[in-house]
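Asker: Pasting a structure below so you can have a look.
Derivation of every value follows stated rules applied to the coordinates shown; laboratory data play no part. All values derive from a computational prediction rather than experimental measurement. With ideal geometry, Cβ positions are generated from the backbone for all residues, glycine too; neighbour counts draw on all protein chains shown.
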Amino acid sequence: MEKRCCCGGRMVLTIRNVVYQGSVEIENVPVLSCERCERNEIAEAVKDDLKKLLDDLSCAAVPGKVNFEEVSEWAHVLVQYAENAHVPLRDMLGERIDDLLDLYLLAKTLNDEDWMREIQGRLKQVI
Ligand SMILES: [Zn+2]
């Protein structure tokens, strides 16, 4: 998860809140930030999910808050990773996949097809 900035500085993972079009606050966005020149960029792994969210928001345009962690599995994993930087990223990801598989089994046991579909969608984001 470490990257070099174009200035040669080290880019570290930080979790930010981003305000979209001055009205919607998007919480828990994983951002790589340069220690030297303070340049920021959205973490590669969540770019697609963020793009999709912004597309959805531009249709709805309702002021308020969105927790990015809830719509993007990668954001969820990266937030956990940022909080527990001593745990390797692949362990974090593995743990999240285990959790989702547990939930999937539960949904299947309850025969809840909507829930099963939702969990499948989440799993697809990270597998
Ligand atoms: Zn830099």
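Asker: Picking from Asn28, Asn17, Asn84, which is most flexible by a Gaussian network model of the chain using Cα springs under 10 Å?
Answerer: Asn84
Asker: Let me ask something else about it. With springs only between Cα atoms under 10 Å, which of Arg16, Arg36, Arg96 fluctuates most in a Gaussian network model of the chain?
Answerer: Arg36
Asker: Also: Take Asp49, Asp114 and order them by how many other Cβ atoms sit within 10 Å, fewest up front.
Answerer: In order of increasing Cβ crowding within 10 Å: Asp114, Asp49.
Asker: Also, quick follow-up: For Tyr20, Tyr81, what's the fewest-to-most ordering of other Cβ within 10 Å of each Cβ?
Answerer: The most exposed by this proxy come first: Tyr20, Tyr81.
Asker: Cross-link candidates for Lys65: which lysines have Cα within less than 28 Å, leaving aside residues fewer than 8 places away along the same chain?
Answerer: Output for Lys65: Lys47, Lys51, Lys52, Lys124.
Asker: If you build a Gaussian network model of the chain, linking Cα atoms that sit under 10 Å apart, which residue out of Met92, Met116, Met11 swings the most?
Answerer: Comparing Met92, Met116, Met11 in the GNM, the peak value goes to Met116.
Asker: Using θ = phi - 60° and the Karplus curve 6.51 cos²θ - 1.76 cosθ + 1.60, what whole-Hz ³J(HN,Hα) does each residue of the range 111-116 get, with Gly and Pro shown as x?
Answerer: Along the range 111-116, the couplings run 6, 8, 5, 4, 5, 4 Hz.
Asker: Can you give me the Cα centroid spacing of the range 70-127 and the range 7-27 in angstrom?
Answerer: 23 Å
Asker: Please state the relative contact order of the range 1-81 as a whole percent: Cα pairs under 8 Å, 6+ residues apart?
Answerer: Dividing the mean separation by the residue count of the range 1-81 yields 28 percent.
Asker: Fewest to most neighbouring Cβ within 10 Å: what's the order for Val79, Val46, Val18?
Answerer: Fewest to most other Cβ atoms nearby, the residues stand as Val18, Val79, Val46.
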